[in-house]
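Pasting a structure here, questions to come.
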Amino acid sequence: MRRQITYLFPRGTVVESPEAQALFKRLNIYYWEFVARHFLGDWGELCTEDDVRTNEHHLKHGLPLMSIFSVGDEVLWVVTEADRSKTTVLLQAKGKDFLTGSISQRRFIEILEAELRPPGSTHAQSP
């Protein structure tokens, strides 16, 4: 008998960056392992409890969500847009190291929100 899995939020479209696709092919792994964990509320290797609280707040208030996973020698980001229409799987941008704290998960979400926000609109604040 098959067990029904209930995700915490609607899945929407899932897309992978070319760099993430190449990593998965090189390591012979499937991206869905990380996406499913993200949809189930496993935020991966977020660096602090504050980052987890931020994601939980974003989940409740319809703001972007982000999970971070170590994959081989790379860092994978799984980011869901605020309206939950799309989740993007991509490799960490060089110079943006969440795991060593040069940019926090909260700051990344703020940047992402600003880039996705239509001109003249407002948004809810993170805790």
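The values are calculated or read from the model by the stated rules, or taken from the named source; none is laboratory data. Small disclaimer: the values here were computed from a predicted structure and weren't measured. Cβ coordinates were reconstructed from backbone atoms using ideal geometry, including for glycine residues, and neighbour counts include every protein chain displayed.
Listed residues PHE69, PHE24; which is of a type outside the set (Ser, Thr, Tyr), in a helix (DSSP H, G or I) and modelled with pLDDT of 90 or more?
PHE24
Spot the failing condition for LEU63; the list is (1) part of a loop (DSSP other than H, G, I, E, B); (2) surrounded by 12 or more Cβ atoms within 10 Å (Cβ to Cβ); (3) out of contact with any His (no Cβ under 8 Å at 6 or more places or on another chain); (4) at pLDDT 65 or above, and only one is missed.
Here LEU63 clears every test but (3).
Among the residues in region 108-116, are any under 24 Å from GLU33 (Cα atoms), surrounded by fewer than 17 Cβ atoms within 10 Å (Cβ to Cβ), modelled with pLDDT under 90 and among the acidic types (Asp, Glu)?
no
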